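In what follows, a single structure is set out as C-alpha cells and then discussed.
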Amino acid sequence: MGSRVAERMLTWQTQLARRAGVELCLRRVLVRDVGKPRMVEIGRELLTADAAQLLDDPSIQVVVEVAGGDEPMRSYLERAIASGKHVVTANKVVMANHGPELLSLAAEKNVDVYFEAAVGGGIPLISAFRTDLQANRIERVSAVINGTTNYVLGRMAAEELPLESAVREAQAAGYAEADPTDDVGGFDATYKLAILGSIAYEIRVRPSDIYREGIDGIEPVDFRYARELGYAIKLIAHTQRHPGRVEARVHPAMVPLDHPLAQVEGANNAVFVEGDLVGQVLLVGQGAGGRPTASAVVGDLIDLARSIRRGVQSRPSFSFDDRVGVIPMGEVVTRAYYRIRAEDRPGVLAAVGQVFAEEGVSISSFIQKDAWVEEKTAELVITTHPTADSRLQRARERIAQLEPVRAVSSFLRVF
Ligand SMILES: NC(=O)c1ccc[n+]([C@@H]2O[C@H](COP(=O)([O-])OP(=O)(O)OC[C@H]3O[C@@H](n4cnc5c(N)ncnc54)[C@H](OP(=O)(O)O)[C@@H]3O)[C@@H](O)[C@H]2O)c1
C-alpha cells in the first residue's frame with residue numbers, strides 16, 4: 001500500500017498540487033530494506049532504513065505512516081508530533097490503542113493527525129464523522145468492517161463450506177493473511193470499532209473495553225437455518241449510545257435479510273451510522289487493498305496540506321469525555337439464536353423451556369429441525385426476545401448440562 005501512496009505522489013504531482021494549493025514533495029521513504037526491488041520506481045536517495053532521517057529533519061512537515069503494527073510506529077508518531085510534525089497514518093492498531101493520547105498531544109502541539117485509512121480502507125468514514133456529520137449527536141454505528149470475514153462467511157453461506165475451506169479460498173483470492181487470526185478472531189474489527197466509537201462519541205473506547213467474539217464457532221448448517229428464519233450471518237461491529245454509557249461489541253450475528261448490512265457482498269465493508277439530525281446514513285465500499293487505502297491516505301494528505309497552507313486547522317481538535325464508559329456485555333440487551341442437539345424423546349422441550357423460563361428469557365420461535373433416527377437425536381432451533389446477555393449465557397450453560405441435551409452447538413445473537 002505504501003507503494004501506491006508513493007506512486008500517486010510521484011505520478012500525479014500536478015493534480016495534487018492544484019488540489020492542495022501547494023506542491024506535495026516526497027522527501028524521504030522509510031523502509032526496512034533499502035536494497036529490496038520495489039513495484040514503484042523510487043529514487044535510491046529517497047530511501048532510508050533510519051527513522052531519524054525523517055523524524056529529526058526539520059524541513060519535513062508531514063509524516064505519512066503506512067507500515068502498521070504497534071511499536072516502533074507508536075513511538076515514531078509520538079516523536080513526530082512532539083517535534084511539531086503533522087501525521088497521516090493508516091495504522092489501526094496504534095490509533096485504536098493510543099489514538100486518544102496521540103490526538104491530545106497533537107492538540108497540545110497544534111498539529112493534526114489524520115487517519116482516514118485506518119478504518120474502512122477507501123470508504124470516507126473519519127472525514128464523515130469529523131466534518132459532514134459534526135452537527136449530529138451520533139446515536140449508533142453498526143458495521144461490517146472486516147472484508148476477510150465477510151468474504152469467508154459469504155463462501156460458507158453460498159456453498160455450505162466449513163470455515164477452514166472458506167479461509168483457504170480467501171487466502172487464495174488474496175483476501176486473507178497467511179495467519180488469519182486477526183480477522184477470524186474479530187481482533188481487526190475490534191480495533192476499527194474502538195476508533196469509530198472514540199470519534200463518534202468523543203470518549204476513549206479501548207479495544208479491551210469491547211466485547212469480542214470471532215466467527216470460528218459457526219457451522220455451515222447455521223447459514224441454512226438462518227436463511228429459513230429470514231437472516232444472513234455477518235460479523236457485526238456495533239456501538240450504541242445509552243444514558244451515560246455506550247454499548248460496543250464485535251461478534252457474529254444474524255441480520256435480517258432486508259437490512260443493508262445483510263446485503264454486503266464479498267470483501268466489501270459497510271457502515272451504518274445514525275445521527276440525531278441526519279437520521280440513517282449508509283457508507284459502503286472497499287474496506288482494504290492497496291489502491292483504496294492509498295486513496296484515503298493521499299486524500300488526507302491533500303486536506304492537511306491545504307490547511308497547513310491556510311494556517312488554519314480545517315478539522316476540529318478532539319476532546320475526550322472520560323466520564324462515559326462502555327457497558328459490560330452481560331448487561332447488553334439482545335436477541336439470540338440457539339441450535340441444540342438433544343435426544344428425540346418426550347419431555348426434552350419442556351426441560352429446555354423451563355430453563356429459559358427460570359432465566360427470564362422469553363422464546364420467540366421454537367422449531368425442531370433435522371433428526372438423526374439411528375442416534376435418536378434431533379436439532380432444536382430456538383430464537384428469543386430481547387434479554388440481558390448474561391441471562392442468555394446462563395440459559396446456554398444450563399441447557400448444555402441438561403441430561404437429554406448432547407450440546408448447544410451454536411449460539412448467535414440476533415441483530
Ligand atoms: N493494505 C491494506 O489494505 C491496508 C488497509 C488499511 C490499513 N493498512 C495498514 O497499513 C499497514 C501496511 O499495509 P501493507 O501490508 O499494505 O503494507 P506493505 O506493503 O507491507 O508496506 C509496508 C511498508 O512499511 C515498511 N515498514 C514496515 N515496518 C517497518 C519498520 N519497522 N521500519 C521501517 N519500515 C517499515 C516496509 O518496508 P520494506 O518494504 O522494506 O519491507 C514497507 O515498505 C498495515 O499493517 C495496516 O496497518 C493497510
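List, please: which pairs have Cβ atoms under 8 Å, are six or more places apart or on different chains, and start with a residue in the stretch 84-96 that is at negative phi and more than 8 Å from the ligand (Cβ to nearest atom) and end with one that is polar (S, T, N, Q) and in a helix (DSSP H, G or I)?
Once the first residue is at negative phi and more than 8 Å from the ligand (Cβ to nearest atom) and sits in the stretch 84-96, its partners that are polar (S, T, N, Q) and in a helix (DSSP H, G or I) give A96/T190.
Taking the residues in the stretch 289-342 that are within 20 Å of S104 (Cβ to Cβ) and either of a type in the set (K, R) or modelled with pLDDT of 95 or more (or both) as candidates, determine which candidate is most open to solvent (accessible area, probe 1.4 Å).
Across the stretch 289-342, the extreme among qualifying residues is R323.
Identify, please: which residue in the stretch 236-263 is of a type in the set (A, V, I, L, M, F, W, C) and free of Cβ contacts under 8 Å to residues at least 60 places away in the same chain and is, among those, nearest to E139 (Cα to Cα)?
Here is the first cut: in the stretch 236-263, the residues of a type in the set (A, V, I, L, M, F, W, C) are 236-237, 246, 248, 250, 253-255, 257, 261-262.
Retained after the next criterion (residues that are free of Cβ contacts under 8 Å to residues at least 60 places away in the same chain): 257, 262.
Working: L257: 23, A262: 21 Å.
The residue in question is A262.
What residue, of A107, A128, is away from the ligand (no atom under 15 Å from the Cβ), over 24 Å from V250 (Cα atoms) and more than 14 Å from the chain's Cα centre (by Cα)?
Values: A128 fails: over 24 Å from V250 (Cα atoms).
The conditions single out A107.
Please find, among S127, S104, the residue that is within 20 Å of D70 (Cα to Cα) and in contact (Cβ under 8 Å) with a residue 24 or more places away in the chain.
Details: S127 fails: within 20 Å of D70 (Cα to Cα).
Answer to the check: S104.
Here are some residues: Q401, Q313. Which one is over 25 Å from E228 (Cβ atoms) and without any contact (Cβ under 8 Å) to a residue 12 or more places away in the chain? Reasoning before the result, please.
Values: Q313 fails: without any contact (Cβ under 8 Å) to a residue 12 or more places away in the chain.
Result: Q401 is the single residue among Q401, Q313 that is over 25 Å from E228 (Cβ atoms) and without any contact (Cβ under 8 Å) to a residue 12 or more places away in the chain.
I'm told V250 meets every condition in (1) part of a loop (DSSP other than H, G, I, E, B); (2) under 17 Å from the mean Cα position of the chain (by Cα) except one. Can you identify the failing condition by its number?
(1) is the only condition that V250 fails.
Applying the selection to the stretch 390-399, what residues are open to solvent by less than 50 Å² (accessible area, probe 1.4 Å) and more than 20 Å from P346 (Cβ to Cβ)? Even if it seems obvious, please write down each step before you answer.
Here is the first cut: in the stretch 390-399, the ones open to solvent by less than 50 Å² (accessible area, probe 1.4 Å) are 390, 392-393, 395, 399.
Matches in the stretch 390-399: S390, L392, Q393, A395.
Which condition breaks for R406 when tested against (1) of a type in the set (D, E, K, R); (2) over 29 Å from the mean Cα position of the chain (by Cα); (3) open to solvent by less than 70 Å² (accessible area, probe 1.4 Å)?
It is condition (3) that R406 fails.
Can you tell me which residues in the stretch 194-207 are outside any loop (DSSP other than H, G, I, E, B), under 14 Å from the mean Cα position of the chain (by Cα) and not aliphatic (A, V, I, L, M)?
G197, S198, P207
Can you tell me which of R19, R74 is assigned to a helix (DSSP H, G or I), open to solvent by 70 Å² or more (accessible area, probe 1.4 Å) and of a type outside the set (F, W, Y)?
Values: R74 fails: open to solvent by 70 Å² or more (accessible area, probe 1.4 Å).
On inspection, the qualifying residue turns out to be R19.
Please enumerate the residues belonging to the stretch 18-29 that are free of Cβ contacts under 8 Å to residues at least 24 places away in the same chain and within 16 Å of the ligand (Cβ to nearest atom). Write out each step before concluding.
The initial filter retains those residues of the stretch 18-29 that are free of Cβ contacts under 8 Å to residues at least 24 places away in the same chain, namely 18, 23, 25-26.
Scanning the stretch 18-29 gives a single hit, L26.
For I382, state whether it is touching a residue at least 60 places away in the same chain (Cβ under 8 Å), outside the structural domain of L257 (by TED's automatic domain parsing) and open to solvent by less than 20 Å² (accessible area, probe 1.4 Å).
Numbers: touching a residue at least 60 places away in the same chain (Cβ under 8 Å): no; outside the structural domain of L257 (by TED's automatic domain parsing): yes; open to solvent by less than 20 Å² (accessible area, probe 1.4 Å): yes.
No.
One line per residue, one yes/no per condition, for (1) within 16 Å of the ligand (Cβ to nearest atom); (2) among the hydrophobic types (A, V, I, L, M, F, W, C):
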residue	(1), (2)
R241	no, no
G244	no, no
R249	no, no
D258	no, no
Q263	no, no
V278	no, yes
L283	yes, yes
V298	yes, yes
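When the residues of the stretch 30-66 are narrowed to those that are open to solvent by 30 Å² or more (accessible area, probe 1.4 Å) and assigned to a strand (DSSP E or B), which ends up nearest to the ligand (Cβ to nearest atom)?
L30
So, in the stretch 243-281, exactly how many residues are among the polar types (S, T, N, Q) and surrounded by 23 or more Cβ atoms within 10 Å (Cβ to Cβ)? Write out each step before concluding.
At the first step, the residues of the stretch 243-281 found to be among the polar types (S, T, N, Q) are 263, 268-269, 280.
Subset that is surrounded by 23 or more Cβ atoms within 10 Å (Cβ to Cβ): 269.
Result for the stretch 243-281: 1.
Working only within the stretch 171-193, note down all residues that are on the phi < 0 side of the Ramachandran plot and in a loop (DSSP other than H, G, I, E, B).
We begin by selecting, within the stretch 171-193, every residue on the phi < 0 side of the Ramachandran plot; these are 171-173, 175-185, 187-193.
Of everything in the stretch 171-193, those that are on the phi < 0 side of the Ramachandran plot and in a loop (DSSP other than H, G, I, E, B) turn out to be A173, Y175, A176, E177, A178, D179, P180, G185.
The values are calculated or read from the model by the stated rules, or taken from the named source; none is laboratory data. Remember, it's a predicted structure, so these values are computed and weren't measured experimentally. Glycine gets a Cβ as well: all are built from the backbone with ideal geometry, and neighbour counts include every protein chain shown. Side chains included, ligands, DNA and RNA excluded: accessible areas come from the protein's heavy atoms. Shrake-Rupley method; radii C 1.70, N 1.55, O 1.52, S 1.80 Å.
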